[in-house]
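The values are calculated or read from the model by the stated rules, or taken from the named source; none is laboratory data. Values in this document were obtained by computation on a predicted structure and should not be read as measured data. Quick reminder, even Gly has a Cβ in these numbers, built from the backbone with ideal geometry, and neighbours come from all protein chains shown. Just the protein is used for accessible areas: all its heavy atoms, side chains included, with ligands, DNA and RNA removed. Shrake-Rupley method; radii C 1.70, N 1.55, O 1.52, S 1.80 Å.
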Amino acid sequence: MSRHGHRFYVPELPPPGATLALPRETARQVARVLRLRPGDAVTLFAGDGFDVPATIERMQGESVTVRLRQPVPGRPLPCPPITLAQSLLKHDHFELVVQKATELGVRRIVPLVAERCVVAVKPEGVSRRLERWRRIAIEASEQSGRASLPVIEPPRRLEEIEAEFGSHRAILLWEGVEAPPLVALELETETPVLLLVGPEGGWAPGEVERLRAAGAEPASLGPLILRSETAAIAGIAQVQALAARAVARACTPESGEQ
């Protein structure tokens, strides 16, 4: 719940003061699952960064009408802006990454087709998979309090993602012995980060060479071999911690200053 009550995503919202009949699935949750009543407060959001407080006005069966109030800025997303380039995993594992990356405030998720991926998304199945991933992201946004949805793109190959290295700090999560610890890197809070995570079988040697040659910096999450979904979650959290450390240092006066 948020400070204005339970939160629900509605793609299109009318202006403040207007009434809105909630979508059927949302109305059913309000009436049958949560058992809310007229006068109860809820929060709606359309994914544009604003929360819209609303009050339930009428309920009839599974029909629920609310009245909207003035939008308020949603919770800010953590810095830096992160794009998670996550190699495709078994369906439930990839869905876990989508859920947790959304909760952690990732701005964009790019499924990667890597050499050692154990699953593949056929062209005819891309739309269905995207719909499923976006539904998971919506539910995670409702739960976590974020007012904007992450962009989830169709699966891409390495050569397609390499084109973005120039506009991002590309970090390659890799267990190679020469990879420095991720926690040892220095990050700027305003520079977008592109976090590259391999599949269940790890990156192929040729992929590591290619990504490093294109400008990706290898970084390790520690001495143990992590599952891909664990590496994604830990990597996001460490990048955000590094950015928070950079902000703290910038705000701390140097020794001797008054």
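For region 189-203, what are the residues that are open to solvent by less than 60 Å² (accessible area, probe 1.4 Å) and of a type outside the set (Val, Ile, Thr)?
192, 194, 195, 196, 198, 199, 201, 202, 203
Of the conditions (1) within 20 Å of residue 86 (Cβ to Cβ); (2) small (Gly, Ala, Ser); (3) open to solvent by less than 40 Å² (accessible area, probe 1.4 Å); (4) out of contact with any Lys or Arg (no Cβ under 9 Å at 6 or more places or on another chain), residue 206 fails just one. Which one is it?
Unmet condition: (3).
Within region 219-243, which residues are open to solvent by 40 Å² or more (accessible area, probe 1.4 Å) and either touching a Lys or Arg at 6+ places or on another chain (Cβ under 7 Å) or of a type in the set (Gly, Ala, Ser) (or both)?
Correct list: 233, 237, 241.
Grab the strands (runs of 3 or more DSSP E) fully contained in region 135-252, keeping just those with 1 or more residues being over 18 Å from residue 107 (Cβ atoms), in contact (Cβ under 8 Å) with a residue 40 or more places away in the chain and in contact with a helix residue (DSSP H, G or I) (Cβ under 8 Å, 6 or more places away or on another chain).
169-173, 217-219
Listed here are the residues, each with its yes/no results for (1) more than 19 Å from residue 142 (Cα to Cα); (2) under 13 Å from the mean Cα position of the chain (by Cα); (3) touching a residue at least 24 places away in the same chain (Cβ under 8 Å).
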| position | (1), (2), (3) |
| --- | --- |
| 33 | no, no, no |
| 46 | no, no, yes |
| 51 | no, no, yes |
| 58 | yes, no, no |
| 62 | yes, no, yes |
| 89 | yes, no, yes |
| 97 | no, yes, yes |
| 101 | no, yes, yes |
| 121 | yes, no, yes |
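Tally up the residues in region 119-134 that are in a helix (DSSP H, G or I), out of contact with any Asp or Glu (no Cβ under 8 Å at 6 or more places or on another chain) and open to solvent by 80 Å² or more (accessible area, probe 1.4 Å), please.
Number satisfying all stated conditions: 6.
Can you name the residue in region 38-72 that is open to solvent by 50 Å² or more (accessible area, probe 1.4 Å) and polar (S, T, N, Q) and, of all such residues, is modelled with the highest pLDDT?
Checking each candidate, the answer is 70.
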